[in-house]
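The values are calculated or read from the model by the stated rules, or taken from the named source; none is laboratory data. No experiment lies behind these values; they were computed from the predicted model shown. Every residue, glycine among them, receives a Cβ derived from its backbone with ideal geometry; neighbour counts consider all protein chains shown.
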2 protein chains.
Amino acid sequence: MERIKPRTLSGFMELLPPQQAQMREIMRVLRETYSLYGFCPIDTPVIEAAEVLLAKGGGETEKQVYRFTKGDADLALRFDLTVPLAKYVALHYGQLVFPFRRYQIGKVYRGERAQRGRFREFYQADIDVIGDGVLDVANEAEMPAVICAVFRRLGIERFVIRMNNRKVLNGLFEYLGVGGAAGQVMTAIDKLDKLGRDKVAAILTDDVGLTPALAAELLDILASDDPMATLDGLSGKCPALDEGVAELKTVTGLLPGLGVPDDKWTIDLTIARGLDYYTGTVYETTLLDHPEVGSVCSGGRYDSLAEYYTDKKLPGVGVSIGVTRLFYILQEQGLLSEELNTAPCDALVIPMDDGVLGHAVRCATVLREAGVRTQIYTEKKKLKAKFTYADRLRVPFAVVIGETEAAENTVSLKNLATGEQIAVPADEAAKIIREAVSRPVRPVTGI
Amino acid sequence: MERIKPRTLSGFMELLPPQQAQMREIMRVLRETYSLYGFCPIDTPVIEAAEVLLAKGGGETEKQVYRFTKGDADLALRFDLTVPLAKYVALHYGQLVFPFRRYQIGKVYRGERAQRGRFREFYQADIDVIGDGVLDVANEAEMPAVICAVFRRLGIERFVIRMNNRKVLNGLFEYLGVGGAAGQVMTAIDKLDKLGRDKVAAILTDDVGLTPALAAELLDILASDDPMATLDGLSGKCPALDEGVAELKTVTGLLPGLGVPDDKWTIDLTIARGLDYYTGTVYETTLLDHPEVGSVCSGGRYDSLAEYYTDKKLPGVGVSIGVTRLFYILQEQGLLSEELNTAPCDALVIPMDDGVLGHAVRCATVLREAGVRTQIYTEKKKLKAKFTYADRLRVPFAVVIGETEAAENTVSLKNLATGEQIAVPADEAAKIIREAVSRPVRPVTGI
């Protein structure tokens, strides 16, 4: 037979079982935490009509989209979870209850140029709250609370959520008289992190046309050590600015009550988020020890979720975690916990020979009914090979069944980490194993 | 702005939040049960190189595949989870530990003609055990145990797992001297359920060329009321048949110990499974009250998982549940439980006005830290509208915060099903809610 060389496409993450177990734990934490904050899961198709998915059209994104025909249908793979949400809300508007709080964790597709750490298929994990016509600013305070809970539950402590408010930025531009070039100014400011103050000042003067004094004043305000005090100093000078500052105060004022410690968030007036889309609070999340990877969770407040599909006004606020990229970073940096039990089972039942297989399966059933993840090793191998199998999979316990155990209706329970072995009935073994493997473990440590 | 009509493609399931909550529970049961039996999760790309995915080539499947190019890459969407497993095992062979037990739950794509209850994007939930060179027949006994556990944990009791063994069928054909037409005979037998005995007898005589007597003898054996006794009566007449019968006895002999009740499985010699692929035990699972929907979980033993990719012999056994189709059937038949808590949260914290928002968010944080799924209702609406929101989402508890509660550091906990209301501290409310919502519920009842 002619054989095809098996391969996985470049830019597509495919993990070995131990790493997949880590990823699975991350997914579990995401689902559980999003649920805890009252978000309901939805699931939308990976394939949509191209016309629907690309309603907004244009831009870099469209070039990256996987688009194709099947029969006479013009189809495309989703490239984020926001456009499918907009479609979902517009389509099912009459059957949803607003504010509508949903989370979605799913794969999205972008045919980017393949490079290390960039993926063409990757998981996003999004939460959004969508209002019908209006949405209170208090919702903008909940996003940092969810981000904080997710990262801490993942065992990540060394992070900070940087927040700004687009009304503050727009107000500042208006106050400084650069409102006409707001778009260009924002794009330049967004590059402060990458290019530094001098180069951005040069862009603001040379490309945008600000006077050097104006560019300096703008950058002085944005890079202020105490942004809230600086903003307070501008109070009353511009209604739009005042409105933004009031929102920022409402949002940050709620954070302690929402359980967000003071060292986990900061106001950073340089955060603009490149998109026209956002209208209120915006968020970026940085790993303190790895600023070079950029934001690992971003989002913000927007006023028109679905204007391409409906004339209903649907304001919302949301954030998105690029899970595949986050996992890649954690793995690259050696930050995935060694402590997580990545074995496919907690107990490997090892019958000494086929004569005791009946007792072995009965014991396995007792263990499973008690909630112990159990595999029965049924291959005809030497005993040593059976234990090697358990070791290679890092299974915590072997449950050995020989003639004695079958006759006495017990099992020999061996802790494979300590070597300790005791003879106990199967239900007793189940209790011991459950207790040993149920200690909380964190998938990520060190940051 | 010109608007695009939002729509979801025909043949793509997109659920509203309450139904999605049901689906989520089904997925949780699948993951948990597969884990309990010692299967580890893997996740492979939805997109593969067309050359790799279609290595086997030909047939109906290939016509249904979503295939397209991006740049100069010839790509295709996976149409099942078996071919990706074969690729995965062949590609990562050196890093896997055998027997390799994996589960995978994921979306697959088939561009079938759209019709009611048929999906172009659907979830499959597969388990397989793959051996390196050899795989003991005992593994074939575990599949019914897993199927049985999954269905019972889903609350489905009225099902039966029908089993056969391909060696038994092949042995029978050899014994009856129809081995040369085995493929055609099997295809005909596979239709017994649909066409009935007479029409299949006609196919066997007219199309396959068996004598009427031979066709009758074959059908008598296959449709025997006591297939094991019938097979025992043929003992010693054909070594291939004897081998198959011995396997069938080993497998069925282990079932009681594995916790599979006698009424949940049966031997059905008419089950052939249309594919050439299977070589030992084969499985189909029927809903007793809905035989018309066919098998809801099928699979079997095979000897060559990945022969298109590798010269390694990789025998295995596995079964697959078509989750989207199963969900569709349960929903159509009204079998999804009304009892499942499909609300996005267990507690809706309702501040009477903005003056008590601070106390409200602190109480919400206490509830969340105690594991209660909590939403804070922050919209500026009348109190009645806030309760209507809770009712529409079927939230079990309202946690009302007014000036009194803020002053006394309590909450008014209202059970929205009974109307009962008490004033308690937030941590006490958390305990009451946790206890009320933690009672086990089944997503599916009535069958």
Given (1) out of contact with any strand residue (DSSP E or B) (no Cβ under 8 Å at 6 or more places or on another chain); (2) surrounded by fewer than 18 Cβ atoms within 10 Å (Cβ to Cβ); (3) outside any loop (DSSP other than H, G, I, E, B); (4) not acidic (Asp, Glu), B:Ile432 misses just (1)
Scanning the stretch A:343-363 residue by residue, those of a type outside the set (Asp, Glu) and surrounded by fewer than 22 Cβ atoms within 10 Å (Cβ to Cβ) turn out to be A:Met352, A:Gly355, A:Val356, A:Gly358, A:Arg362
Just one listed residue, out of B:Ile350, B:Ile321, is over 23 Å from the mean Cα position of the chain (by Cα), in a strand (DSSP E or B) and not aromatic (Phe, Trp, Tyr), and it is B:Ile350
Taking the stretch B:400-415 and the residues there that are assigned to a helix (DSSP H, G or I) and of a type in the set (A, V, I, L, M, F, W, C), the one that is farthest from B:Cys363 (Cα to Cα) would be B:Ala407
When the stretch B:84-113 is checked residue by residue, the ones that are at the interface with chain A (Cβ under 10 Å from one of its Cβ atoms) and aliphatic (A, V, I, L, M) are B:Ala86, B:Val89, B:Ala90, B:Leu91, B:Leu96, B:Val97
task = Evaluate the following for B:Thr365: is it more than 15 Å from A:Phe98 (Cβ to Cβ) and within 9 Å of chain A (Cβ to nearest Cβ)?
result = yes
Here the qualifying pairs (Cβ atoms under 7 Å; residues six or more apart or on different chains; first in the stretch A:102-115 and assigned to a loop (DSSP other than H, G, I, E, B); second among the hydroxyl-bearing types (Ser, Thr, Tyr) and crowded, with 18+ Cβ neighbours inside 10 Å) come out as A:Gly111/A:Tyr66
Residue hits (the stretch B:24-43; within 7 Å of another protein chain (Cβ to nearest Cβ) and in a helix (DSSP H, G or I)) are B:Arg24, B:Ser35, B:Leu36
Margin query: Considering only the stretch A:207-227, I want to know if a residue exists there that is in contact with a strand residue (DSSP E or B) (Cβ under 6 Å, 6 or more places away or on another chain), within 23 Å of A:Pro261 (Cα to Cα) and touching a residue at least 40 places away in the same chain (Cβ under 8 Å).
Written below: yes
Q) Are any of the residues in the stretch A:54-72 in a loop (DSSP other than H, G, I, E, B), facing chain B (nearest Cβ under 10 Å) and within 19 Å of the chain's Cα centre (by Cα)? A) no
The residue that is farthest from the other protein chains (Cβ to nearest Cβ), considering only those in the stretch B:239-269 that are surrounded by 15 or more Cβ atoms within 10 Å (Cβ to Cβ) and in a loop (DSSP other than H, G, I, E, B), is B:Leu269
Quick check: is even one residue across the stretch B:5-25 polar (S, T, N, Q) and under 16 Å from the mean Cα position of the chain (by Cα)?
yes
Selection from the stretch A:26-69 of residues among the charged types (D, E, K, R) and surrounded by fewer than 21 Cβ atoms within 10 Å (Cβ to Cβ) yields A:Arg28, A:Arg31, A:Glu32, A:Asp43, A:Glu51, A:Lys56, A:Glu60, A:Glu62, A:Lys63, A:Arg67
Note on the stretch A:296-307: residues part of a strand (DSSP E or B), more than 17 Å from A:Lys167 (Cα to Cα) and in contact with a helix residue (DSSP H, G or I) (Cβ under 9 Å, 6 or more places away or on another chain) are A:Cys297
B:Asp232 fails exactly one of (1) of a type outside the set (Phe, Trp, Tyr); (2) exposed (fewer than 14 other Cβ atoms within 10 Å of the Cβ); (3) in contact with a helix residue (DSSP H, G or I) (Cβ under 9 Å, 6 or more places away or on another chain); (4) not in a helix (DSSP H, G or I), namely (4)
Taking the stretch B:355-399 and keeping only residues that are under 22 Å from A:Asp132 (Cα atoms), assigned to a helix (DSSP H, G or I), out of contact with any Asp or Glu (no Cβ under 9 Å at 6 or more places or on another chain) and among the charged types (D, E, K, R), one is left with B:Lys384, B:Asp391, B:Arg392
Of (1) modelled with pLDDT of 95 or more; (2) assigned to a helix (DSSP H, G or I); (3) buried (at least 24 other Cβ atoms within 10 Å of the Cβ), B:Ala149 satisfies every one except (3)
_Being assigned to a strand (DSSP E or B) and either within 14 Å of A:Glu140 (Cα to Cα) or of a type in the set (Ser, Thr, Tyr) (or both) is the requirement here; does A:Thr310 meet it?_
no
When A:Lys382 is run through (1) over 34 Å from the mean Cα position of the chain (by Cα); (2) buried (at least 24 other Cβ atoms within 10 Å of the Cβ); (3) without any contact (Cβ under 8 Å) to a residue 40 or more places away in the chain, the failure sits at (2)
Note on the stretch A:209-224: residues surrounded by 16 or more Cβ atoms within 10 Å (Cβ to Cβ) and farther than 22 Å from A:Asn165 by Cα are A:Leu210
Checklist entry - If you go through the stretch B:416-429 one residue at a time, do you hit one that is assigned to a strand (DSSP E or B) and under 11 Å from B:Asp346 (Cβ atoms)? => result no
Scanning the stretch B:121-140 for residues that are within 8 Å of another protein chain (Cβ to nearest Cβ) and not β-branched (Val, Ile, Thr) gives B:Glu121, B:Gly131, B:Leu135, B:Asp136, B:Ala138, B:Asn139
Conditions (1) of a type outside the set (Asp, Glu); (2) buried (at least 20 other Cβ atoms within 10 Å of the Cβ); (3) within 13 Å of another protein chain (Cβ to nearest Cβ); (4) in contact with a helix residue (DSSP H, G or I) (Cβ under 6 Å, 6 or more places away or on another chain) -> A:Ala370 fails only (2)
Per the filter on the stretch B:73-83, residues within 14 Å of B:Glu121 (Cβ to Cβ) and within 10 Å of chain A (Cβ to nearest Cβ) are B:Leu77
- Task: Return a yes/no flag: does the stretch A:312-328 have any residue that is free of Cβ contacts under 8 Å to residues at least 24 places away in the same chain and out of contact with any Phe, Trp or Tyr (no Cβ under 8 Å at 6 or more places or on another chain).
- Result: no
Those residues of the stretch B:80-104 that are surrounded by fewer than 20 Cβ atoms within 10 Å (Cβ to Cβ) and within 20 Å of the chain's Cα centre (by Cα) come to a total of 1
Scanning the stretch B:163-196 for residues that are surrounded by fewer than 20 Cβ atoms within 10 Å (Cβ to Cβ) and of a type in the set (Lys, Arg), the one nearest to B:Glu292 (Cα to Cα) turns out to be B:Lys194
Selection from the stretch A:1-22 of residues outside any loop (DSSP other than H, G, I, E, B) and either surrounded by fewer than 18 Cβ atoms within 10 Å (Cβ to Cβ) or more than 7 Å from chain B (Cβ to nearest Cβ) (or both) yields A:Pro18, A:Gln19, A:Gln22
